[in-house]
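Here the structure comes first, spelled out in structure tokens, and everything after it is commentary.
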Amino acid sequence: MGAANTSISGSEYETQVILNVYDLTPLNNYIYWVGCGIFHSGIEVHDKEYGFGAHDFPASGVFEVEPRSCPGFIYRNSIILGRIKMPPSEFRSFIENVAAEYHGDTYHLISKNCNHFTDDICWRLTGKRIPGWVNRLARLGALCSCLLPESLQVTTVKQLPEYHNYSEEEGSESVSTATPHDPTESDDADQDKLHLISQSGGSEELSFVKEAQR
């Protein structure tokens with residue numbers, strides 16, 4: 001996979017910047033063709049995909065997964081946004097700095113969602129924007145929030161595990177499901193909303209990017 005998306009020329013690394021788009025609802029199969037839909041997106045660089053999701057902590061909500069394997073969503077397609085020359089180590093520093101601007105507790109479906117994140121990353125790396133249809137629902141919602149169901153007008157993409165577990169050895173934050181608690185009525189309501197992070201393993205594992213200290 002790496003040979004296809006990344007090439008080495010001297011000390012410079014050239015890699016594609018790819019937008020991976022996912023469906024949040026089967027309804028997209030019907031409304032996608034008229035330029036609408038509810039989508040999640042991630043940015044793939046150096047054979048890793050980066051996204052932004054919600055949790056209840058004032059810490060990085062930026063995570064990495066294997067490309068086209070974000071848990072809880074249905075992969076739709078990939079869009080090549082451009083190419084950059086940036087070594088993996090330099091890109092890692094870049095994404096850690098960006099992670100400091102995208103805390104999980106600041107996620108908002110209308111004003112600061114996963115597609116705002118990928119649009120921002122794309123703009124910083126290539127000077128281009130992601131296709132407008134990917135985040136059209138948020139723009140419509142900003143104009144008229146009544147267009148959205150009440151359950152989607154808040155931070156809907158919730159993290160199932162309850163706590164961040166910081167791993168200095170790995171250099172990134174990981175998710176821990178320790179310290180379980182008894183389910184409450186609020187938890188039941190959250191289960192009915194769209195979820196970003198499932199508790200399944202295998203190829204769907206993800207880890208949070210540890211933000212750069214400022």
Separation between Cα centres of the stretch 20-60 and the stretch 85-130, rounded to whole Å: 13
Solvent-accessible surface (1.4 angstrom probe) belonging to GLU101, in square angstrom, nearest 10: 70
Sites ASP105 and GLU12, calculated FRET efficiency, Cβ-Cβ separation with R0 41 Å, nearest 0.05: 0.65
For TYR13, residues with placed amide H under 5 Å, excluding near neighbours: MET86
Vicinal HN-Hα couplings computed from phi for the stretch 129-137 (Karplus, 6.51 cos²θ - 1.76 cosθ + 1.60; Hz; Gly/Pro x): 9, 6, x, x, 5, 5, 10, 5, 4
Phi to ³J(HN,Hα) by Karplus 6.51 cos²θ - 1.76 cosθ + 1.60 over the stretch 209-214, Hz, x for Gly, Pro: 7, 6, 6, 5, 7, 10
Sequence-distant residues sharing a close amide H with TYR102 (under 5 Å, placed H): GLY61
Spacing of the two label points (7 Å from each Cα toward its C-beta) at ASN97 and VAL34, in nm: 4.4
Too-long pairs where the Cα-Cα distance tops 20 Å, listed order kept, from LYS85/LYS128; LYS48/LYS112; LYS128/LYS210: LYS48/LYS112; LYS128/LYS210
Residue-level accessible surface for SER89, protein heavy atoms, 1.4 Å, Å²: 90
Exposure of CYS36 as accessible area (Å², to 10), given a probe of 1.4 Å and all protein chains: 50
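Viscosity 1.306 mPa s, temperature 10 °C: what is the translational diffusion coefficient of the stretch 64-117 from Stokes-Einstein with a Kirkwood Rh over Cα pairs, rounded to a whole number of µm²/s?
Details: Rh = 13.7 Å.
Reported coefficient: 116 µm²/s.
The values are calculated or read from the model by the stated rules, or taken from the named source; none is laboratory data. Keep in mind that what you see is a predicted model, and the values were worked out from it rather than measured. Ideal geometry is used to build each Cβ from the backbone, glycine not excepted, and the neighbour counts take in all protein chains shown. The protein model used for the area step is the full one, side chains on, heavy atoms only, and it has no ligands, DNA or RNA in it. Shrake-Rupley method; radii C 1.70, N 1.55, O 1.52, S 1.80 Å.
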